[in-house]
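Some notes on the structure that comes next.
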Amino acid sequence: MTTVPTDCQIAHQAWPSVFTSNVDNACCTYSTGFNCAGACDIYCDDSKTYITGIKAQRSRFSGSFPDLGGLKRLTSL
């Protein structure tokens, strides 16, 4: 049986320096699931399952923005 990765796991694979935990829905339920030194906010749906928005201050990040195409319910970036 194949396990479908959660949004937090997908985000962790795409951007591990920000989405620091690979545990199920850590980025939606724990303050330790992501780390961006105060330069971003992560928004999730009411069930704390899907990432719906990421607000990032671009000036705080370097390099190219990661591919977050696997986050199917992401509506705000």
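Read-outs throughout are calculated quantities, based only on the coordinates presented, and are distinct from any laboratory measurement. Not measured: the values here are computed from a predicted model. With ideal geometry, Cβ positions are generated from the backbone for all residues, glycine too; neighbour counts draw on all protein chains shown.
Listing for the model above:
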{"item": "Output for the range 24-36, where each listed residue is of a type outside the set (Val, Ile, Thr), in a loop (DSSP other than H, G, I, E, B) and out of contact with any strand residue (DSSP E or B) (no Cβ under 6 Å at 6 or more places or on another chain)", "result": "Asp24, Asn25, Tyr30, Ser31, Gly33, Asn35, Cys36"}
{"item": "Hits in the range 11-23 - residues which are part of a helix (DSSP H, G or I) and surrounded by 20 or more Cβ atoms within 10 Å (Cβ to Cβ)", "result": "Ala11, His12"}
{"item": "Residue tally, condition in contact (Cβ under 8 Å) with a residue 60 or more places away in the chain and in contact with a helix residue (DSSP H, G or I) (Cβ under 9 Å, 6 or more places away or on another chain), over the range 6-44", "result": "2"}
{"item": "Flag if Ala56 is touching a strand residue (DSSP E or B) at 6+ places or on another chain (Cβ under 7 Å) and of a type in the set (Gly, Ala, Ser)", "result": "yes"}
{"item": "Search result, residues across the range 37-60 that are assigned to a loop (DSSP other than H, G, I, E, B), out of contact with any Ser or Thr (no Cβ under 9 Å at 6 or more places or on another chain) and surrounded by 10 or more Cβ atoms within 10 Å (Cβ to Cβ)", "result": "Gln57"}
